[in-house]
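J.: Once you've had a glance at the structure underneath, I'll fire off some questions.
The values are calculated or read from the model by the stated rules, or taken from the named source; none is laboratory data. Quantities reported herein were computed from a predicted structural model and do not represent experimental measurements. So basically every Cβ, Gly included, is an ideal-geometry build from the backbone, and we count neighbours across all protein chains shown.
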Amino acid sequence: MNRIGFSKDIHRLVENRKLIIGGVVVPFEKGEFAHSDGDVLYHALAESILGALALGDLGTHFPDTSSETKDMNSEIIVSKVVKMMDEKGYKVVNADIFVSLEKPKLKDYIPHMRSNVARLLNTEISNVSIKAGTNEGCGEVGKGEAIEATSIVLLESK
């Protein structure tokens, strides 16, 4: 049996925070404002897996009111969601993720992000697609005030 999950995540960009995308610290003067480390790529990915399994959303499992999730490394979030997926008897067939950000350019960081995601999902790197683009100056992302990621995953039963 196959299941598809989709999600998106958006965070404001603020000074005095690290910009972390797909587990990679990207040098920039701003970073994601969030309760956790704010990694939008990991958040969208984890929630798309939860969605595929009809297990709710990130806020259900990792509430932003909890001291346990304060400044949490989002790799932990993905790892816990992957454990839930394993327990349900599923594996990732592929993940397709798109990051929207005016700047900085992410081209040089995408190979490392893909490697991180493949490792966390226990899959081959060829099953992980990560793309990045701008919003052409439109909206909060286009004005450089926010970063957004969308993710779609295909799961199959083991």
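J.: List pairs: first in the range 28-44 and farther than 16 Å from residue 63 by Cβ, second part of a helix (DSSP H, G or I) and of a type in the set (Gly, Ala, Ser), Cβ under 7 Å, 6+ apart or cross-chain?
T.: 39/74; 42/74
J.: Where residues in the range 50-82 are closer than 20 Å to residue 22 by Cα and among the hydroxyl-bearing types (Ser, Thr, Tyr), which of them is surrounded by the fewest Cβ atoms within 10 Å (Cβ to Cβ)?
T.: Here the residue is 79.
J.: Could I ask something else about it? Within the bounds of the range 71-79, is there any residue that is over 21 Å from residue 157 (Cα atoms) and in contact with a strand residue (DSSP E or B) (Cβ under 8 Å, 6 or more places away or on another chain)?
T.: Narrowing the range 71-79 to residues over 21 Å from residue 157 (Cα atoms): 71-77.
If we keep only those that are in contact with a strand residue (DSSP E or B) (Cβ under 8 Å, 6 or more places away or on another chain) too, we end up with 74.
Yes, the range 71-79 contains at least one residue that is over 21 Å from residue 157 (Cα atoms) and in contact with a strand residue (DSSP E or B) (Cβ under 8 Å, 6 or more places away or on another chain).
J.: Name the strands (runs of 3 or more DSSP E) wholly within the range 1-78 that hold at least 1 residues that are touching a helix residue (DSSP H, G or I) at 6+ places or on another chain (Cβ under 6 Å) and modelled with pLDDT of 95 or more? It would help to see each step written out before you state the result.
T.: On the way: elements: 2-15, 19-21, 24-26, 30-32.
The qualifying strands (runs of 3 or more DSSP E) are 2-15, 19-21, 24-26.
J.: Go through the range 84-108 and count every residue that is in a loop (DSSP other than H, G, I, E, B) and within 19 Å of residue 144 (Cα to Cα).
T.: Here is the first cut: in the range 84-108, the residues in a loop (DSSP other than H, G, I, E, B) are 88-89, 101-108.
Next, only the ones that are within 19 Å of residue 144 (Cα to Cα) stay: 101-107.
Total satisfying the criteria: 7.
J.: Let me ask something else about it. Let me spell it out: the conditions are (1) under 24 Å from residue 82 (Cβ atoms); (2) without any contact (Cβ under 8 Å) to a residue 40 or more places away in the chain, and residue 112 meets all of them except one. Which number is the exception?
T.: Just one mismatch for residue 112, condition (2).
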